[in-house]
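Chemist: Take a look at this one; I'll ask things after.
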Amino acid sequence: QQPFLSVRDLKVHFSTEDGVVKAVDGLTFDLAKGKTLGIVGESGSGKSVTNLTILGLHDRERTAIDGEILLDGKELLTASERELERLRGNKMSMIFQDALASLSPYHTIGRQIGETYRKHTGASKKEARERAIEMLRRVGIPQPDVRVDDYPHQFSGGMRQRAMIAMALVCDPELLIADEPTTALDVTVQAQIMDLLKDLQQEFGTAIIFITHDLGVIADIADDVLVMYGGRCVERGTKKEVLRAPQHPYTWGLLGSMPSLDGPVDVPLSPIPGSPPSLLNPPSGCRFHPRCTFAEKVADGRCSSERPLLEVTDGRGAACHLTADQRRDFFADYAATR
Ligand code: SF4
Ligand code: MG
């Protein structure tokens with residue numbers, strides 16, 4: 001059976017004045033209906049670019065794209081701007097970190113939600129207003145029949161985020177892409193928004209791609225996880241596999257920089273030393289090798305000369321030259337220090 005969303009060997013390269021930036025360099029994954037894929041990585045790992053490309057929001061003039069993106073059997077990379085326009089907001093939708101950037105300050109919340117609805121359904125203004133009120137109620141805005149006439153600046157940060165979710169879901173999209181939607185919120189509101197997304201997913205059966213740099217958020221919401229580094233996927237698997245028995249040194253580093261999932265929360269955080277790779281001149285071989293403390297365990301300097309391939313079995317895999325035994329031992333050592 002055809003997966004709902006299928007991305008195959010996606011490459012997204014931008015031309016810049018300084019050369020070609022290989023923002024995404026060979027990415028493959030599937031997503032089933034009603035499931036959540038968490039994509040995790042530092043900034044510049046290619047996670048946001050991947051999703052803008054799925055939505056067709058990349059700069060077509062300056063971007064060279066290769067590979068396949070099939071949504072419900074439809075190839076998105078060859079779809080016309082018009083077709084994409086029809087799919088966006090309707091079949092696929094997105095929410096971002098910054099609700100103010102997606103909401104217009106000049107129109108009421110209700111009008112903005114209603115217009116999205118009208119555009120895709122041809123509903124009347126009255127129907128659209130009713131739908132907007134209903135959506136505001138669903139995302140937990142108090143007195144939705146009054147607040148529907150508020151402007152974005154009259155909403156708190158958390159309420160604006162809810163309004164943006166209401167706008168994203170007004171046409172029952174089958175795919176929702178959430179790019180760090182809770183990063184700017186305080187912990188309590190963040191937890192509320194996550195619960196809301198989970199409830200709405202239950203209700204609507206939406207497939208969600210959740211992009212974050214925070215493994216704690218992944219632990220909360222994802223079914224499957226894809227770890228990205230330097231425009232490539234370095235590890236993937238179910239949430240349990242990736243968080244409980246990670247196989248890639250970069251994932252160990254990420255896990256090391258967050259409090260333990262079920263252990264004491266006062267473990268000192270150890271962010272990965274060094275900085276993300278330049279995608280203009282990416283490191284040779286394994287892109288993580290300049291930062292990897294395990295590279296010396298691999299013979300013949302292979303880490304800096306040979307790209308480790310991501311071999312995936314039953315959705316599980318890691319791209320690293322360490323042997324399976326080495327990975328098991330090193331992870332056990334690492335886990336013991338936690
Ligand atoms: Fe580290 Fe080498 Fe594995 Fe890359 S391939 S993660 S450099 S051990
Ligand atoms: Mg981003």
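Chemist: State, to one decimal in nm², a quarter of the convex hull surface area for the C-alpha atoms of segment 194-249, i.e. the direction-averaged projected area.
Modeler: So the Cα hull casts an average projection of 4.2 nm².
Chemist: Which is the longest stretch in the chain that no exposed loop site breaks, taking sites as GluC sites (Glu not before Pro) with a DSSP loop state and at most 12 other Cβ atoms within 10 Å?
Modeler: 62-310
Chemist: If you don't mind, there's one more thing I want to ask. Between SER104 and ARG137, what is 0.36 nm times their sequence separation minus the Cα-Cα distance? Round to one decimal in nm.
Modeler: So the chain would gain 9.8 nm between SER104 and ARG137.
Chemist: Next question. Quick one: grab Rg to one decimal and Dmax as a whole number for segment 298-338, Cα atoms only, in Å.
Modeler: 12.1, 32
Chemist: Normalise the Debye intensity by I(0) for segment 53-117, one equal point scatterer per Cα, no solvent, then take log10 at q = 0.15, 0.17, 0.21, 0.27 Å⁻¹ and round to two decimals.
Modeler: -0.60, -0.74, -0.98, -1.24
Chemist: Something else: Could I have the simple spin-label model distance between ALA336 and GLU203, label points 7 Å from Cα toward Cβ, reported in nm to one decimal?
Modeler: 5.0
Chemist: Can you compute the modelled spin-label distance between ASP223 and ALA299, with each label point 7 Å from Cα toward Cβ, in nm?
Modeler: Calculated label separation equals 4.2 nm.
Chemist: Follow-up question, since we're still on this one. Looking only at Cα atoms, what is the convex hull volume of the chain per residue, in Å³?
Modeler: Enclosed volume per residue, from the Cα hull, is 145 Å³.
Chemist: While we're on this one: Taking a ≥ b ≥ c as the square roots of the Cα gyration tensor eigenvalues, with a/c under 1.5 meaning rounded and otherwise prolate when a/b beats b/c, else oblate, which class fits segment 1-87?
Modeler: Oblate is the answer for segment 1-87, as a/c is 1.5 or above yet b/c matches or exceeds a/b.
Chemist: Report relative contact order for segment 1-150 in percent, whole number only (criteria: Cα-Cα under 8 Å, sequence separation at least 6).
Modeler: 20
Chemist: Enumerate the lysines that LYS47 could reach by cross-link, defined here as Cα to Cα under 19 Å, with residues fewer than 8 away along the same chain left out.
Modeler: Here the lysines satisfying the reach criterion relative to LYS47 are LYS11, LYS22, LYS35, LYS239.
Chemist: Any chance you could tell me what percent of the C-alpha pair distances in segment 91-177 go past 21 Å?
Modeler: Here the long-distance tail beyond 21 Å is 18 percent of all Cα pairs in segment 91-177.
Chemist: At what distance in nm do the modelled label points of GLN2 and ALA64 sit from each other, each positioned 7 Å from its Cα along Cα→Cβ?
Modeler: Spacing of the two 7 Å Cα→Cβ label points: 3.0 nm.
Chemist: OK, next. Please report, to one decimal in angstroms, the Kirkwood hydrodynamic radius of segment 111-242 built from all distinct Cα-Cα pairs.
Modeler: Result for segment 111-242, one decimal place: 16.0 Å.
Chemist: Shifting gears a bit: Can you tell me the orientation of helix 324-336 relative to the chain, as the angle in degrees between its alpha-carbon axis and the longest Cα principal axis, to the nearest 10?
Modeler: 70
Bear in mind that the values in this text are calculations on the coordinates, not laboratory data. What you see is a predicted model, and the numbers here were worked out from it, not measured in a lab. Positions of Cβ are generated from backbone atoms using ideal geometry, with glycine treated the same way; all protein chains shown enter the neighbour counts.
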